[in-house]
Amino acid sequence: MIKKTAPKLLPIVPRPLGVTTTDFRVGETKPLQIRIEPQLHREIKIAAAEQGKSMTAFLLECYDFWLSMNK
């Protein structure tokens, strides 16, 4: 059997992000579920953890950044 090796991840350079927490209030939020590759999930989770954020907060900030760049 051939052993598979995991691809090496590049170091992530920390940068200040605006969203640090998410405040959920019943009835004011909607769940969102997406299907992604396990490696991409891992990379997003690592990036969020390095910023001290939840994945939700990190992805919301990424969306806010994208929105600000595409107005």
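List of remarks:
- With all protein chains modelled, accessible area of MET69 [1.4 Å, Å²]: 130
- Separation of the alpha carbons by more than 26 angstrom is noted, of LYS8/LYS45; LYS8/LYS53; LYS8/LYS30; LYS8/LYS71, for LYS8/LYS30; LYS8/LYS71.
- Residues of type aspartates and glutamates that LYS4 reaches as a straight line, Cα spacing below 18 Å, ignoring anything fewer than 8 places off in the same chain: GLU37
- Applied to the range 27-39, the Karplus parametrisation 6.51 cos²θ - 1.76 cosθ + 1.60 on θ = phi - 60° returns per-residue 3J(HN,Hα) values of x, 9, 10, 10, x, 9, 10, 10, 10, 9, 5, x, 5 Hz, with x for Gly and Pro.
- Full-extension gain in nm, MET69 to THR29, via 0.36 nm per residue minus C-alpha separation: 11.9 nm
The values are calculated or read from the model by the stated rules, or taken from the named source; none is laboratory data. Since the structure is predicted, the reported quantities are computational estimates derived from the model, not experimental observations. Just so you know, the surface numbers come from the protein's heavy atoms only, side chains and all, with ligands and any DNA or RNA stripped out. Shrake-Rupley method; radii C 1.70, N 1.55, O 1.52, S 1.80 Å.
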